[in-house]
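Structure first, commentary second.
Quick note: the coordinates plus some simple rules give every number you see, no bench work behind them. All values reported here derive from a predicted model rather than from experimental measurement. Ideal geometry is used to build each Cβ from the backbone, glycine not excepted, and the neighbour counts take in all protein chains shown.
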Amino acid sequence: MKPVMASGLIKRFGSSDVLRGVSFEVERSEIFGLIGPNGAGKTTTLRILATILRPDAGDAVIMGHSVRDEPDEVRRNIAYLPEDAGVYRHLTGLEFLSFIAGVHGVDRRCVEEGAEIAGLGEALRKPMGSYSKGMRRRIMIAAILMLRPRVAILDEPTSGLDVIHAVHVRERIRRFARESGGTVIVSSHNMLEIEYLCDRIAFINGGRIIAEGRPEELKSEYRAENLEEVFAKLMEAV
Amino acid sequence: MLRILLRKEVKELLMERSILFGAIIIPLIIFPLMGALTGLGMSAAMERAEAGLAIGIADLDRTSLTSIELPRLLEEKGLRLIRVECSLEEECVEAAAKQDLGVMMIIPSGFTRNFTSGVHSRITTVYSIRSAAISEISMSQRFSLILLESFKSLAERVHGGGVDPRFFEKPISESSVVLYLGRVLRAPVSAVAATFLTTLFGLPLVAVMVASYASTVSATSIALEKESKTLELLLTIPARRITILLSKLLGTFVIVLLSTISFLVGFGIYGLMIAGSMMAQISVEEIAAEPQVSLTLLDLWPSPAFLPILVSSIFIAMVMMTCIGLLIGVLGSDVRSAQQLVGAVTFPLIMPPFFILIFTPIESLPMGVKIGLLLDPFTHLFLAIHGGFAGDIASAITSIMVMLGFAVMLLLLSSWLFMGERLITTRITLARRRASEA
C-alpha cells in the first residue's frame, strides 16, 4: 500500500468550492510537490491530509488510515508544517524541540538531531521571539524532520526566506527523504524550487489537479524549458 | 499636525466596531438599564418595607412623655407601633428577636427626667437585618433619622426655647444593637452597614474579577495560538483534541489561581487599611459616647458553610468564564478582537446582576426583570454568595447547581467547537465575517 492515497477530495467553504475532486498517490521515499497559484487549493489539500480539515467528500488514506475515520492514527504517522507557522515566542529553540519530542513521545536524542538540522548554534538557547523569519522556519523544519515521520507534510516550507535559509531548508528536506525513507508532500507556488526538490509533482488550479508527473516528463510533454512554462501552457489550455 | 493625526486615530478606532460596540454602545445601554432596574427594585423594596414596618417600642420609663406623647409623634411620622412588654434591656432585645421586629426602640428608665431637664439622653435601638441588600440597610439608617427628627420635635414641644440650643440639635444619642443571623452585635448600625457593604461589594467583586480574568486568559490563550500561527501545529500533534482543550482549561485555571491569590492579598491589605481608618473614625465619633465593642468582618462571618459556598461558586463561575473565553477565542480572528469580544460578551452578563443585587434583593424586583436575571448564569453566582452569607444554605446550593448546569452546557459547547474544524475556519471580528482562505 502506498503511504499516501488521496481520492476525490471535495471541500466547500460556504458557497465556494475550494477542492473539486483532488486525487493523487505518493510513493515511499518520494518527494511529491503540489504546485499552483494562490487560492488553487494547495493549503486546503494539505490541511485535509494533516486532519485539520475534514473533506466534504472523498477520502485520503495515510499509512493505511483514513483521515475521515481515523484522524488520531493518521496524526501518529505524520508531521505537518503549516504555511507561515509561528513559534512560541517565550520558548527557546531547544525547549521547543524538547516540547515537540515530548508530545510525539520520541527519544530525547532526536532533540540533538533537531538541533543539528536547525543549525542555529547558540541561538537555540535564546527565546524564539528573537528569531528572524529564516531562523523560525529552520527551527520548525528541524522540529518536523527530527521526528522522522513516515509522512512529512510541508506547506510552503521556504516561503519568504532568503537564499541562504531557503537552500538550507531544501537541502534538509532532500536529505530527510533520502536517509530516512520518509515520504514528503510539499506545496509551493515557487515552481523552480519544486522542480529542484520534487521527484514528482501535481499542478493544482481551481481546486482540481490539472497535470501530474515527473518534472522531466512534464517538461518534455509540454515542450517547455521549465515548470513555469509548463504551467503557463496548462493555463492557456484551461 | 496633531489635529490630523488625532482625526485619523479617532476615526480608525471608532470604525473598529468592536470598540464602538464594547466601549461606547454597551455602557450607554447597560448602565441606564441597571440604574432603572435597581431604582425600580429599591423603591419597591422600600415601599414594601415602609408599608409593613412595625416599630417595636419598649418603654422602661413609663411616663406620659414616653407612653403617650412620643408614640403619638412617631405615629404622625407614619410609623406603626407595637408595644413590647419587658423590664430589662437584654430581655427587650430577646423579645425583639422573638417577635421578628425589624426595628425596636428601648426607652431606658430615667429618660424623661433627663429629657425634661435638657440633658442629653440615651436610647437603645434594635435593628434586625434579614437580607444583605443595601435597600434593607438603608431602611435602618432611614429609621434612625426619623427617630432623631421625632425627638427633636418632642424637645421643641417640651422645652420651647428655654434650654441650651445644642440640646435641640441632638437631644438623644442612639446606642444600637444589630440582630443578624441569630447574633447580637452591639455596634452602630452605620458600622454594620459599612461592614456589610464591604462584604456585599467586596466578595462579589472578587468573584467578578476572577471570572472576568478567566475569560480574558482563555480567550487570549486560543487567540494567541491563532495569531502567532501555532494552532495548526498544535492540532496535528498526536494528542486528542480533548487533551488539548483540557490543557488550555487547566493552564487558564493555574494563571487565574495565581491572579486570584495576588488579588486577594492586595484586596485584603486594602480591606485592612479601610477597616483601620473606619474604626478610627468610629472611635472618635461614636465609641467615645457609646462604649461599644469594635466590629470586624469576622463578627458578621456567617455559618462555616459559607466558605465552601463562596469558593465553589467562584470556581464554577471561573469555569463558565473560561469556557466563554474559549468560545470567543475560537471565534476571534486575533488576540485584539478576541479580547474586545470578551468584554462585549461578558460585561452585559456580569455587570447587571452584580450591581442590581447589591442594591436590591431579587425578590423585590418585578417579575419580568427577575426572570431575565435568573436566565443569566452569573446572577446565580451573586445569589449563591448572598445566600451563603445570609445563612440561606439551601438557596445558595440551588444557585450553585444552576451554575453547574450552565457550566456543563458551556463545557460541552466549547468541546464541540474545539473538536471540529471550526477552530481553524471560524473567524469573526465585530467588523466583518471572513470566509476561511483556501
*By how many degrees, 0 to 90 and rounded to 10, does the Cα axis of helix A:163-180 deviate from the longest principal axis of chain A?*
90 degrees
*Partnerless cysteines, meaning none of the other Cys C-beta atoms lie under 4.7 Å away, in the protein assembly as shown*: A:110, A:198, B:323
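Enter the mean number of other protein chain beta carbons within 10 Å of the beta carbon of each residue in A:48-56, as an integer.
3
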*asked:* Just to confirm the number: angle between the C-alpha axis of helix A:133-145 and the first principal axis of chain A, 0 to 90 degrees, nearest 10?
replied: 90 degrees
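Counting other beta carbons within 10 Å of each residue's own, what order do B:69, B:149 fall into, fewest first?
Numbers: B:69 16, B:149 12.
Fewest to most other Cβ atoms nearby, the residues stand as B:149, B:69.
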_Placing unit charges on C-beta atoms (Lys and Arg positive, Asp and Glu negative, everything else neutral), compute the dipole magnitude of the protein assembly as shown about its Cα centre in debye, rounded to 20._
1220 debye
_Is there a quick way to get the dipole size of chain A? I mean about its Cα centre, with the Cβ of Lys and Arg at +1 and of Asp and Glu at -1; what is the value in debye to the nearest 20?_
560 debye
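Hey, what did chain A get for relative contact order, percent, Cα under 8 Å, at least 6 apart? Don't jump to the answer; show the numbers that get you there.
Details: 474 pairs, mean separation 61.5, N = 238.
With pairs under 8 Å counted, the relative contact order is 26 percent.
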_I'd like to know which of A:61, A:92, A:13 lies farthest towards the positive end of the charge dipole of chain A, counting +1 on Cβ of Lys and Arg and -1 on Cβ of Asp and Glu._
A:92
*GNM on chain A, C-alpha springs below 10 Å: top fluctuator among A:12, A:136, A:150?*
A:12
*Can you pull the mean other chain C-beta count within 10 Å for peptide B:233-244?*
6
*Can you put B:418, A:13 in order, fewest other beta carbons within 10 Å first?*
A:13, B:418
*Which order do peptides A:20-29, B:352-361 fall in by mean Cβ count within 10 Å, highest first?*
B:352-361, A:20-29
_Dipole of the protein assembly as shown, positive end: most advanced residue of B:414, B:347, B:109 [Cβ charges, Cα centre]_ = B:414
_Per-residue mean of C-beta atoms belonging to partner chains within 10 Å, peptide B:219-232_ = 3
*Name the most mobile residue of A:213, A:41, A:114, meaning the one with the largest mean-square fluctuation, in a Gaussian network model of chain A with Cα contacts below 10 Å.*
A:213
*Using the 10 angstrom Cβ neighbour count as an exposure proxy, how do A:84, A:155 rank, fewest first?*
A:84, A:155
*Compute the separation of the alpha-carbon centres of region A:32-52 and region B:334-402 and state it in Å as a whole number.*
47 Å
_What translational diffusion coefficient, to the nearest whole µm²/s, does the protein assembly as shown have by Stokes-Einstein, given a Kirkwood radius computed over alpha-carbon pairs, a temperature of 4 °C and 1.567 mPa s viscosity?_
42 µm²/s
_Selection from A:48, A:220, B:95 lying farthest towards where the dipole of the protein assembly as shown points positive, charges on Cβ_ = A:220
*Under 22 Å from the Cα of residue A:2 - lysines, other chains or at least 8 residues apart*: A:42
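How large is the dipole of region A:24-64 about the Cα centre if only Lys and Arg carry +1 and Asp and Glu carry -1, each at its Cβ, rounded to the nearest 20 debye?
It works out to roughly 200 debye.
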*asked:* Apply the a/c threshold of 1.5 to the C-alpha gyration tensor of region A:4-237 and tell me whether it is rounded, prolate or oblate.
replied: prolate
*Label-point separation in nm, residue A:237 to residue B:173, each point 7 Å along Cα→Cβ*: 10.6 nm
